Every structure is written in C-alpha cells, then in structure tokens.
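Readers should treat all values here as calculations from the given coordinates under stated rules, not as data from a laboratory. Keep in mind that what you see is a predicted model, and the values were worked out from it rather than measured. Cβ coordinates were reconstructed from backbone atoms using ideal geometry, including for glycine residues, and neighbour counts include every protein chain displayed.
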Amino acid sequence: MTVYCATGNPANCASFSSPRPDFDVPEIACAVPAPEEAGDTFEVNAAEKAIAYGQHIEGYLFADDSGLEVDALGGEPGVRSARFAGEHATDEANNALLLYRLRGVENRTARLSASLPW
C-alpha cells in the first residue's frame, strides 16, 4: 500500500518512513507546486497542504505542519518556523535568528508542535 507524504521536505518525509515492507511512504515529487502556508495554526496549514497536494495524486496522502514554540518568545517562531528569518530562509539562518533573540534568556523552554488535519 502507498500513502504519500504531502511535503516537499525530504527530512519531514523520512521521519514518517514505514518499517513495514508492504507499506510505502514516498514524498510527493518536488514538481508539485507547494502551497503557501498562510494559516494561523498548524492544523490550518496541514489541511491546506492536504488539499493542495491531493489535487495532484491518485490515492491516499497525509500532511502535517509543525514548528518550534519557544516560551520566552511568546510561542514564536510557531507556524513561521521555516520562515522565521525570512521567506526563503535556510535552517542555519532560522537557527541563528533564534539564538540571537534568545541571547541573555535563561529559561529557554520550548516544544515542537505538530498537527495532522484529522
């Protein structure tokens, strides 16, 4: 059985790989246009991905949205985690901005939040 991982991010897809040989979880090809993640919540963004990617495949798919929520930053970067340092920011740029914003902050508690739209 094949269930597509609705993401253009291979690292996200790898985290959902299946240990079962009869269950395949490929990512959707990068040729599929990625939807804009403009929602205010992880759930809204995940639902938008599922709808957008679902128009390009036959069969089953799942989508998620996730991000880092840092207490000292009021929950930022949150749904903007991938774009924290700008629309086309790299992981390195996002991490650098995060560490810059947390300079001098003792309590750096944070969590990775995720949502699947079901």
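Inspect the range 79-87 for any residue being farther than 14 Å from residue 5 by Cβ and basic (Lys, Arg) and give the result as yes or no. Working first, answer last.
Applying the first criterion (farther than 14 Å from residue 5 by Cβ) to the range 79-87 yields 79-87.
Filter once more, keeping what is basic (Lys, Arg): 80, 83.
Yes, the range 79-87 has at least one match.
Select from the range 90-118 the residues that are touching a Leu at 6+ places or on another chain (Cβ under 7 Å) and more than 28 Å from residue 47 (Cβ to Cβ) and write down the one among them that is surrounded by the most Cβ atoms within 10 Å (Cβ to Cβ).
Of the residues in the range 90-118, the ones touching a Leu at 6+ places or on another chain (Cβ under 7 Å) are 101, 108, 110, 112.
Applying the additional criterion that residues be more than 28 Å from residue 47 (Cβ to Cβ) yields 101, 108.
Details: 101: 14, 108: 12.
Within the range 90-118, the match that is surrounded by the most Cβ atoms within 10 Å (Cβ to Cβ) is 101.
Out of all the residues in the range 84-112, which are in contact with a Pro (Cβ under 8 Å, 6 or more places away or on another chain) and either of a type in the set (Val, Ile, Thr) or assigned to a helix (DSSP H, G or I) (or both)? Talk me through it step by step, then tell me what you get.
Filtering the range 84-112 down to residues in contact with a Pro (Cβ under 8 Å, 6 or more places away or on another chain) leaves 84, 94, 98.
Of everything in the range 84-112, those that are in contact with a Pro (Cβ under 8 Å, 6 or more places away or on another chain) and either of a type in the set (Val, Ile, Thr) or assigned to a helix (DSSP H, G or I) (or both) turn out to be 94, 98.
Do we have residue 87 as among the charged types (D, E, K, R) and loosely packed, with under 10 Cβ neighbours inside 10 Å here? Break it down stepwise before answering.
Details: among the charged types (D, E, K, R): yes; loosely packed, with under 10 Cβ neighbours inside 10 Å: yes.
Here the answer is yes, as residue 87 does meet what is asked.
Can you spot a residue in the range 59-82 that is closer than 30 Å to residue 25 by Cβ, more than 17 Å from the chain's Cα centre (by Cα) and assigned to a loop (DSSP other than H, G, I, E, B)?
Yes, because at least one residue in the range 59-82 is closer than 30 Å to residue 25 by Cβ, more than 17 Å from the chain's Cα centre (by Cα) and assigned to a loop (DSSP other than H, G, I, E, B).
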